[in-house]
Each structure stands twice: as structure tokens, then as C-alpha cells.
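To start, the structure itself, in C-alpha cells.
The values are calculated or read from the model by the stated rules, or taken from the named source; none is laboratory data. All of these numbers come straight from a predicted model, not from anything done at the bench. Glycine gets a Cβ as well: all are built from the backbone with ideal geometry, and neighbour counts include every protein chain shown. For the accessible areas, the whole protein counts, side chains as well, though only heavy atoms, and no ligand, DNA or RNA atoms are used. Shrake-Rupley method; radii C 1.70, N 1.55, O 1.52, S 1.80 Å.
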Amino acid sequence: MLAHRVIPQLLVDKNKLIKGQGFDAWRSVGVPQQAVRIHQMRQVDELMLLDITATPENRGPDLGLIKELASECFSPLTVGGGIKTIEDIRELLRHGADKVCIGTAAFEDPMMVMEAVDRFGSSTIVVSIDVKWHRGHPLVYTRCGSWQTLVRAYGAAMRFEKMGVGEILLTNIDREGTMGGYDLKLIEDISTDCGVPIIAAGGCSGYQDMADAIYAGADAVAVGALFQFSDHTPRGAAEFLSENGLEARCI
């Protein structure tokens, strides 16, 4: 059985570690350098870093910050935010990222995703699908949740599977930062027919939520606020999941 991953997720605005709710009401809660050091002390298996203001501010990735963080991070590092071109991806990988997470550009320029998969390999490319429910349908939002598309999450996932992406980061925007639990219906709906590994994000309130997301079909869970504002740890998550018959890889 493949091990399920528990991935600490760090949201940044330039050189600030931030926390919000529903992709809004952002506030500074520290600096990413300190958070990376803490997770390295915990010997996490993987980290995800998302610059949530890069695309809204029409700027590219902060390569200097990524290089600095990667120099202290001995775990695989997935980086997202502001990625618009193949050159952005190349530079992120050159500055220490192991994977890239593409959000808005995946919907505005899908040919770029196909080229990225071809050039850098499926395992390097993660696509972010951010969702809100409307009249019973999960619609995709881009530009950090500020732009509603008419694309349904299921169709988007199927399209990216055909493109050969390595993973999908699936986030319910309304649950993000609330610690109200993952969107299990969304996870189940997408994972039932989509062969791409799903990273569930948005709303984790405890170890049981992680287990529920995996039972619903997620291959991995991204955890943000819970690891920052409680005594929950990746090691504790691995132990809980193991006790519940779910092999976990996070330490």
C-alpha cells in the first residue's frame, strides 16, 4: 500500500507568513524562515509554500526567498504563486524547488501546462484547483479566489489528467483557514474518476479530518493553520493514521 502524505502548507505574502480565511482577511503570523526551520526540526517529509499575493499583484515568484528557504529545507519543496511561464518554472527549479504548483495560469494558458509536463516531467507539476459551490456545482475560481470561472472542478480535473500532471491540489475556498473539516464530497467526487493523485486542502481541524479525507479518496492532505496554531504535529498525524489502518509518510 502506498503511504499517504501529510504536507505542511505555508502561505506567504512576500517575506511574511500569513493566515487567512476563505482566501481573505489575511494577517501576518510570522516569517516563513522560522516556520521552515520548525518543520525541519520535526523532520517532515515534504513542504508546500504558496505565495498567495503574487498573481493578484501581477508579479512572478520571489526567487530570492525560495533560494533562501530551500537552502534550509532538506525536504522536497513544492512552490506555487505567480507562475505564468515555462521560464518561471525553470527558475524555481533552479533556485531550489522540487515541484511547482500552477493555479491561475493552468486555466488561462493550459498549453503551458502541457509544455511543462513535457519538459520537466509529470512528477514536477502540480495543478491547483480552487473551488466554491454554486447551486450544487463546484466551480473553479482563479486569481487567489477573486475570479469565478464557469469551469466545473470535475471537468478541470479530467482535463489535467489527460495533460499528464502529477498531482492536483484541491481546495474548497470557503473552508480554507476555518478548521471546519475538508470538503469530503468534493474529494470523493473528483477522486472517484480522476486518476491523478489528489492533495486535499482547506479546513483541517485535526487528525480525524486527515483520515476522513484519505478515506474519501485523497492521496495526501495539506495542513496549514492546524500545525501553526495547535499542538498537532506531523508525527502525531502519522501515528494517528497508522493506528487507524492508514500508512502515512510525513516524518
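Loop only per DSSP, at most 16 neighbouring Cβ atoms within 10 Å: give me the trypsin sites (Lys or Arg not before Pro) in region 47-114, ordered by residue number.
59
With n ≥ 4 as the cut-off for DSSP H runs, can you work out [θ] at 222 nm for the chain, using -39500 (n - 2.57) per run divided by the number of residues, rounded to the nearest 500?
For the chain, the value works out to -10500 deg cm²/dmol.
Strictly greater than 16 Å: what percent of every Cα pair in region 11-122 meets that?
Of the Cα pairs, 58 percent sit more than 16 Å apart.
Quick one: grab the alpha carbon gyration tensor of region 140-196, order the square roots of its eigenvalues as a ≥ b ≥ c, and give me rounded if a/c is under 1.5, else prolate or oblate depending on whether a/b is larger than b/c.
oblate
Report, in debye and to the nearest 20, how large the dipole of the chain comes out about its Cα centre when Lys and Arg carry +1 and Asp and Glu carry -1 on their Cβ.
Rounded to the nearest 20 debye, it is 400 debye.
Mind giving me the FRET efficiency for residue 29 and residue 239? R0 is 41 Å, r the Cβ-Cβ distance, nearest 0.05 is fine.
For R0 = 41 Å, the calculated efficiency reads 0.95.
Label-point separation (nm) for residue 67 and residue 123, each offset 7 Å from Cα along Cα-to-Cβ?
Computed distance between label sites residue 67 and residue 123 equals 2.6 nm.
Can you give me the distance in nm between label points at residue 14 and residue 40, each placed 7 Å from the Cα along the Cα-to-Cβ direction?
Placing both labels 7 Å along Cα→Cβ, they lie 2.4 nm apart.
If you take the beta carbon distance between residue 150 and residue 193 as r and set R0 to 25 Å, what does 1/(1 + (r/R0)^6) give as a FRET efficiency, to the nearest 0.05?
0.75
Might you tell me the accessible area per residue for region 109-251, computed with a 1.4 Å probe and given in Å²?
Counting only protein heavy atoms, the per-residue value for region 109-251 is 43 Å².
Give me the percent of accessible area attributable to carbon and sulfur for region 132-241, probe 1.4 angstrom.
It is 50 percent, rounded to a whole number.
Filter the GluC sites (Glu not before Pro) in region 210-251 down to the DSSP loop ones having no more than 12 other Cβ atoms within 10 Å, then list what survives.
For GluC sites (Glu not before Pro) across region 210-251 that sit outside H, G, I, E and B with at most 12 neighbouring Cβ atoms in 10 Å, the list reads 247.
Shape verdict for region 200-247, please, from the Cα gyration tensor: rounded (a/c under 1.5), prolate (a/b greater than b/c) or oblate.
oblate
Residue 32: net charge of surrounding residues, Cβ under 13 Å, Lys/Arg +1, Asp/Glu -1, itself excluded?
On the way: positive: 14, 16, 19, 37, 67; negative: 13, 51, 62, 68, 72.
So the environment of residue 32 carries a net charge of 0.
Rounded to whole Hz and in sequence order, give me ³J(HN,Hα) for region 149-157 from the Karplus expression 6.51 cos²θ - 1.76 cosθ + 1.60, θ = phi - 60°, writing x for Gly and Pro.
Running phi through 6.51 cos²θ - 1.76 cosθ + 1.60 with θ = phi - 60° gives 9, 9, 7, 8, 4, 4, x, 5, 4 Hz.
When Lys and Arg each count +1 and Asp and Glu each count -1, what net charge do the other residues less than 10 Å away from residue 221, Cβ to Cβ, add up to?
Summing Lys/Arg as +1 and Asp/Glu as -1 gives -2.
Can you pull the percent of region 10-56's accessible area that's carbon plus sulfur, 1.4 Å probe, other chains left in place? Each step should come with its number before you reach the end.
Details: 1070 of 2100 Å².
Solvent-exposed carbon and sulfur of region 10-56 make up 51 percent of the total.
Residue 178 to residue 94: extension gain in nm, 0.36 nm per residue of separation minus the Cα-Cα distance? Write down the numbers at each step before the final one.
On the way: separation 84, 0.36 × 84 = 30.24 nm, distance 3.47 nm.
Value of the extension gain: 26.8 nm.
In square angstrom, what is the accessible area per residue of region 39-100 with a 1.4 angstrom probe?
43 Å²
Which shape class, rounded, prolate or oblate, goes with the chain when its Cα gyration tensor gives a ≥ b ≥ c as root eigenvalues, a/c under 1.5 marks rounded, and past that a/b bigger than b/c marks prolate?
Rounded.
With +1 on each Lys and Arg Cβ and -1 on each Asp and Glu Cβ, and nothing else charged, work out how big the dipole of region 95-186 is about its Cα centre, in Debye to the nearest 20.
Values: 10 positive and 11 negative charges, 66 e Å.
Once rounded to the nearest 20, the dipole reads 320 debye.
I'd like the distance separating the alpha-carbon centroids of region 193-219 and region 53-69, in whole Å.
Cα centroid to Cα centroid, the span is 27 Å.
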